[in-house]
Amino acid sequence: MKNINKYQIIIIVIFISALLINFMPAIKFPDHRISIFNLAISVLFLIGILYYSSVKDGTALYGIGFVATLVIFVVNLTENHLFDYVVLDVLANIQYPLYVIFVIPLFGLNKLLNLSYGNFSLIVSLLYLTSLAGSLLKYKWKVRNTSLLILVLLFYCLPFGYYGMYLDYTKGSLLGYLSMIIICIALAYICKAFLFVPVLVVGNLLSAISSLYFIHMMDIKEDWGYFFKPFRQTTIFFIIFLLNCIPQWFVIRSTGRRDRKR
């Protein structure tokens, strides 16, 4: 218990230091320059939260951080529409305290990326998601599964949804959507049979975030697609994301757990 308390104190000190040092560059970005010192303190804080996930169960904290940073990205993505409604305007204002608490301590990393605060928040959500995955899986971790776990998560990082939407938009083809479903079914089977179901959840979130990033970066004004043309880009994405979860759910329901031999 004493060791745990020591780690908590260290993390709190690093958090406060990173918050104070990065506050002005984060608030005034891009007008304020991000220095090497900002980068160093953010790297130190990142190492701290990743290490903390290996010595104490921080599932709740990392889960809140992941959701909070994702909210910042979504609000930033849709804020021009939110301000048309009073209630949604209040909701949009929630992003600012979330930004201070969960993003600013890591904002020094933006020296390497030079992204807007909304896009950088999306990247930070991946860091919190990684910590969340480590916290969830540490009690079930097996060395023999390490390489397979990394390979599966790397495949999930591919923007399947974006690829399907791109083929739909440019060629009016369903091939991208079909490829996404087939690949994700195979990955779901591997997760259920040889790894853990939380890997499947984390993987789908990684794929969703990577697709949202590429969709957000594309500057296309007219409606997307051939088969889903009446809908906006983000609406199409969430439709196909939910539809893609259905066959994966059937796979994990019908597949038994298999123990891999060394």
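Bear in mind these aren't lab numbers, they're just calculated from the coordinates by the rules spelled out. Model, not experiment: these values are computed from the prediction. Please note: Cβ atoms are built from the backbone with ideal geometry, for glycine as well, and neighbour counts cover all protein chains shown.
Across region 241-248, coupling constants 3J(HN,Hα) worked out from phi with the 6.51/-1.76/1.60 Karplus curve, θ = phi - 60°, read 5, 5, 5, 5, 6, 5, x, 5 Hz, and Gly and Pro carry x. Neighbour counts of other Cβ atoms within 10 Å put THR235, THR255, THR130 in the fewest-to-most order THR235, THR255, THR130. Remark: the SER116-ILE185 segment gains 21.4 nm on full extension, using 0.36 nm per residue and subtracting the alpha carbon distance. Legend: calculated FRET efficiency, PHE214 to LEU50, from the Cβ-Cβ distance at R0 = 30 Å, rounded to 0.05, equals 0.70.
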